[in-house]
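Data first, discussion second: the structure below is written as structure tokens.
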Amino acid sequence: MNIKQTWSKVKELKSSDSDVKKYIFEKDDAIAEAVLYKYGTFESRTVMCISTQTGCPMGCTFCGTGKFFGRNLTSLEIVSQVKHMISENDIEPSEVKKMQIMVMSMGEPILNIQCVSDAFHIFNKIAPHADLLISSAAPKTDRGWSCLLELATLIPKVGLQFSVHESTDAARDQIMPMKAKLSLEEIAIMGIMFFKTTGRKPYFNYCVHGNNNSDDDVMRLRMLFDPRIWEATLSVICEADETMSDAVSSQVDMVIAFSGKLVEKGFNTRVFDPAGQDDIGGGCGQLWAVQEFAKNNVNFKQSSGNKILCKTDLTEVKR
Ligand code: SF4
């Protein structure tokens with residue numbers, strides 16, 4: 001596949017951290033971002049975070065994409081991000097010991113599950129040993145979740161992570177204004193269904209900050225998520241605003257302390273500190289190029305979640 005047949009422009013952004021690069025794919029009506037990480041060498045561990053939509057309808061307040069939505073990416077556009085990063089970096093997938101392809105850069109994968117599913121079948125051919133992770137903000141859909149369970153049954157490398165981020169629905173509504181989403185209790189039930197269907201543990205992702213790291217938060221998370229079924233990913237907050245990235249380093253200590261509290265309650269935790277956040281926006285939600293593209297493109301509409309935020313006249317939560 002020639003990348004020029006799928007995208008009119010591809011830009012590579014190098015970080016001062018040589019282990020991370022960002023790629024921006026552009027054409028008239030769409031933009032996608034993908035981030036490539038190596039851990040030591042590509043052969044030892046390679047992680048690719050890719051986009052599934054151009055913009056995103058979910059409207060999360062902390063996300064660089066959240067205020068705009070263009071369209072779903074096609075399966076070809078999803079696959080091309082991975083193929084391009086492989087060819088540009090001379091990665092030989094069969095020689096990579098640990099490879100992870102994650103749909104967590106831009107877009108809500110469950111809202112584009114058919115194309116994600118088609119792309120995952122291709123990834124599973126290109127790199128059969130690669131872990132394929134779906135990270136979802138948990139929208140309500142007619143068929144999205146049943147399609148995901150089918151996919152995860154067919155491909156045993158498919159994993160699932162929910163962006164939970166708060167321990168109450170009220171707090172979660174403030175940062176994820178989309179009304180058509182699962183409640184925390186419904187997420188907990190969906191995770192159990194995933195576990196029962198596949199035998200694999202789902203993850204809940206929690207961005208730790210000064211107002212959601214109390215003992216009460218720990219207790220509520222423990223009540224919702226059974227550590228025999230769930231694992232926790234703890235992240236530093238990814239700032240949508242390029243000027244706020246300095247705050248990140250001071251958050252790492254807070255995340256580690258919160259991780260200790262969850263471990264005491266029986267959870268396995270992993271801490272995600274996105275490399276490249278400071279200069280190229282390596283973290284989820286740091287889609288600065290998308291904001292520029294959206295401003296200049298009439299096909300980009302205000303995202304549904306963000307319209308709800310405007311209608312109810314809530315002040316955007318600055319975290
Ligand atoms: S954080 Fe994820 S789900 Fe939320 S608006 Fe951004 S891309 Fe969409």
At a Förster distance of 25 Å, what's the computed FRET efficiency of residue 146 paired with residue 121, Cβ-Cβ distance as r, to 0.05?
-> 0.90
Over the stretch 36-93, relative contact order from alpha-carbon pairs under 8 Å, at least 6 apart, % = 27 percent
Amide proton proximity set for residue 182, modelled H, under 5 Å, gap of 5+ = 140
Got the relative contact order for the stretch 3-301 handy, in percent, Cα pairs under 8 Å and 6 or more residues apart?
-> 19 percent
In nm, spacing of pseudo-spin labels at residue 295 and residue 271 (7 Å Cα→C-beta vector) = 3.6 nm
Would you compute, from DSSP H runs of 4+ residues alone, the mean residue ellipticity of the chain at 222 nm, taking -39500 (n - 2.57) per run and dividing by the full residue count, rounded to the nearest 500?
-> -10000 deg cm²/dmol
Between residue 192 and residue 129, the FRET efficiency computed from the C-beta separation at R0 = 30 Å comes out, to the nearest 0.05, as 0.65
By per-residue mean of other Cβ atoms within 10 Å, what is the highest-first order of 173-179, 104-110?
-> 104-110, 173-179
Order of 89-100, 183-194 by packing, highest average Cβ count within 10 Å first?
-> 183-194, 89-100
Relative contact order %, the stretch 1-136, counting alpha carbon pairs below 8 Å whose residues are six or more apart | 22 percent
The stretch 220-236 - phi-based ³J(HN,Hα) in whole Hz, Karplus 6.51/-1.76/1.60, Gly and Pro as x = 5, 4, 5, 5, 7, 10, 7, x, 6, 10, 10, 10, 10, 10, 10, 10, 6
Give a residue-ordered list of calculated ³J(HN,Hα) values for the stretch 23-40 (Karplus: 6.51 cos²θ - 1.76 cosθ + 1.60, θ = phi - 60°; whole Hz; x for Gly, Pro).
-> 10, 10, 9, 9, 8, 3, 10, 7, 9, 9, 10, 9, 10, 10, 10, 10, 10, x
Any chance you could run the full-extension gain for residue 43 through residue 89? It's 0.36 nm times the residue separation minus the Cα-Cα distance, nm to one decimal.
-> 15.4 nm
List the chymotrypsin sites (Phe, Trp or Tyr not before Pro) in the stretch 1-59 that DSSP assigns to loop (not H, G, I, E or B) and whose Cβ has at most 16 other Cβ atoms within 10 Å. Which are they?
-> none
Anything over 26 Å Cα to Cα? Flag those among 27/83; 125/181; 14/179; 98/261; 181/261; 22/295, in the order listed.
-> 125/181; 14/179; 98/261; 181/261
Taking square-rooted eigenvalues a ≥ b ≥ c of the alpha carbon gyration tensor, is the chain rounded, prolate or oblate, where a/c under 1.5 means rounded and, failing that, a/b exceeding b/c means prolate?
-> rounded
Ordering of 45-57, 201-213, 117-129 by burial proxy (mean other Cβ atoms within 10 Å per residue, highest first) = 45-57, 201-213, 117-129
Prolate/oblate/rounded label for the stretch 1-148 (Cα gyration tensor, a/c 1.5) = prolate
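Read-outs: derived from the displayed coordinates by stated rules, not from any lab. What you see is a predicted model, and the numbers here were worked out from it, not measured in a lab. Methodologically, a virtual Cβ is constructed for each residue, glycine included, from the backbone with ideal geometry; neighbour enumeration extends over all protein chains shown.
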